[in-house]
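Below you'll find the structure, written out as structure tokens, and then a few comments.
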């Protein structure tokens with residue numbers, strides 16, 4: 001015992017793919033396509049882990065997991081209304097999206113480990129081959145339905161027909177597979193039924209928007225850089241638009 005919180009880290013050779021892609025990732029569309037499938041493959045591998053088998057069954061409470069996904073974040077969003085200046089900028093879709101999630105909630109869910117913030121910013125890739133090197137930043141990990149990790153990844157995806165106003169996290173983006181292809185790939189790797197994916201996609205937009213709006217509220221209170229808060233609020237607006245688009249799909 002050293003008397004203080006600590007962590008043990010392993011050095012990973014690789015890079016976090018954000019912004020302009022280096023080397024062959026930036027010049028070869030096939031490398032970028034493999035990059036996408038590798039990320040989904042990492043999510044599928046995590047989804048296959050039984051939390052009880054590795055001693056993480058009590059990582060978080062799971063009673064009423066599906067119900068709490070909506071009420072928890074809606075409470076957060078409603079609480080922001082107490083901040084001066086927030087209601088003027090609040091999306092009119094907050095309660096609309098929450099109501100749709102309540103009305104279309106799946107009857108069952110699959111218990112597994114959820115990273116909680118699985119995206120390009122929290123993974124590393126090898127420099128010498130289009131292969132996933134590591135998944136990092138596990139502070140939001142919990143027991144839940146791993147389908148949420150897949151949906152979380154795909155909130156950051158961009159394809160033709162998406163609402164305007166948000167660019168891809170990576171450049172160049174051409175050569176990337178679409179969401180439907182990636183969902184099908186995850187389903188093949190996990191053997192999971194993905195018929196409820198649209199609900200999880202809307203839930204991921206809802207959750208992430210709620211977290212981003214918290215930063216905007218902090219900015220309104222002077223506890224965070226205002227320009228950064230405004231930028232995150234703008235991204236939350238795109239997520240509400242994307243959720244609305246998914247709700248409208250037949």
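Points worth noting:
- In terms of the mean number of neighbouring beta-carbon atoms within 10 Å, the peptides 113-121, 132-140, 230-238 order highest first as 113-121, 230-238, 132-140.
- Taking the fewest neighbouring Cβ atoms within 10 Å as the starting point, the ordered list for 83, 62 is 83, 62.
- Rounded to whole Å, the principal axis extents of the Cα atoms in segment 13-68 read 47, 25, 18, largest first.
- Extension gain, residue 63 to residue 162, is 32.2 nm, computed as 0.36 nm per intervening residue step minus the present C-alpha separation.
- Largest-first ellipsoid semi-axes for the chain, taking √(5λ) over the Cα gyration tensor eigenvalues, angstrom: 28, 23, 21
- From the largest down, segment 107-217 spans 40, 38, 31 angstrom on the principal axes of its Cα atoms.
- Rel. contact order, % - alpha carbon contacts under 8 angstrom, at least six apart, the chain: 28
- Over segment 106-232, relative contact order from alpha-carbon pairs under 8 Å, at least 6 apart, %: 21
- Principal axis analysis of the Cα atoms in segment 173-230 yields extents of 47, 28, 15 Å, listed in decreasing size.
- Global form of segment 50-159, assessed from the alpha-carbon gyration tensor, a/c cut-off 1.5: oblate
- Taking every alpha-carbon pair under 8 Å whose residues sit at least 6 apart, segment 1-115 reaches a relative contact order of 31 percent.
Since every read-out is calculated from the coordinates, none of them should be taken as a lab result. Quick caveat, the model's predicted, so the values are computed rather than measured. So basically every Cβ, Gly included, is an ideal-geometry build from the backbone, and we count neighbours across all protein chains shown.
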